[in-house]
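Novice: Attaching a single structure in structure tokens format; questions to follow.
The values are calculated or read from the model by the stated rules, or taken from the named source; none is laboratory data. As the structure is a computational prediction, the values presented were derived from the model and not from experiment. Here Cβ is always computed from backbone atoms with ideal geometry, including for glycine, and neighbour counts include all displayed protein chains. Please note that ligands, DNA and RNA were not included when accessible areas were found on the heavy atoms of the full protein model with its side chains. Shrake-Rupley method; radii C 1.70, N 1.55, O 1.52, S 1.80 Å.
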Amino acid sequence: MGEGTAVSFIPDLSGFEGEALFCRDFNYEPALVRWLEANAVAKYDLIMEIGANVGIYTVFLDALYRSAPLPRNVTPRIVSFEPSEKAYRRLLANLAANGTSFVNTYQSAIGRSSGVQTFFEPTDHLTNGSFVRPFSEFFSDEIVESRVVTLAASELDHWLETAGGRSLIKIDVEGFEPQLLEALRPSIEKYRPDMVIEVLPLTAQALNECEAISGYDRYLISTNGLHRRDSFEGDKDHYDWLLCWPGQ
């Protein structure tokens, strides 16, 4: 992945990572991969993934930390959350295949309060499970409903308060981003972490109206680098945006 970061996946031929069996180059979200490869180790001691799915970024980030000299006398941490039972099983298998060193994972979603919540998974589209049923229905007429554990967003403070401002939260929750950011609002206002969020055309307006991130600078992550924008917009080629608190 990226410019030459070696990772291993146990592929599902029906999944998007199966292509690596044939081309040996996993060209997955290249703009975000390139940005993380250039910045993750130098900037962050803590990276939290909300919506880790099968662990593509989990193993990639761990490989970055393991392959580069760490610039500080701090042990980095990658904390990943994934509610889907099927995706989480594959995440654990991928972690084992890579011998990860810096990862803690939890089979859980993040929400406003701890408890259980209905999760919707479109058949044969493992990466598109969502708490928003209409979003999942874009991908399949067959939706599997399950009850998943949700951890209160305030519990993330346990990790954020020890990161000394060198933290990144990566959010990819398939259309649930506006609701999740509002749940995270107290933690965001207290710790001002950098964030990477997926912005889709159907969520762009709600994210523009989201008070939890109203003070953040917004950058579209493209293959040509970062592009500052005053507001979120749907981009047909790039979905990931970096949010940074001004002057931080």
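Novice: Could you look through the range 130-172, keep only residues that are basic (K, R) and open to solvent by 40 Å² or more (accessible area, probe 1.4 Å), and pick out the one that is farthest from T75 (Cα to Cα)?
Specialist: Among those residues, the one meeting the criterion is R133.
Novice: Could you grab me the full set of residues in the range 102-132 that are out of contact with any Ser or Thr (no Cβ under 8 Å at 6 or more places or on another chain) and at pLDDT 90 or above?
Specialist: Q107, R112
Novice: Identify, from the list F60, F102, the residue that is more than 18 Å from V173 (Cβ to Cβ), within 14 Å of the chain's Cα centre (by Cα) and either surrounded by fewer than 15 Cβ atoms within 10 Å (Cβ to Cβ) or not acidic (D, E) (or both).
Specialist: Criteria check complete, one pass: F60.
Novice: For the condition farther than 22 Å from E174 by Cα, in contact with a Gly (Cβ under 8 Å, 6 or more places away or on another chain) and of a type outside the set (D, E, K, R), what is the one hit in L95, L70?
Specialist: L95
Novice: Do you know which of the residues in the range 198-218 that are acidic (D, E) and under 16 Å from L168 (Cα atoms) is surrounded by the most Cβ atoms within 10 Å (Cβ to Cβ)?
Specialist: The residue in question is E198.
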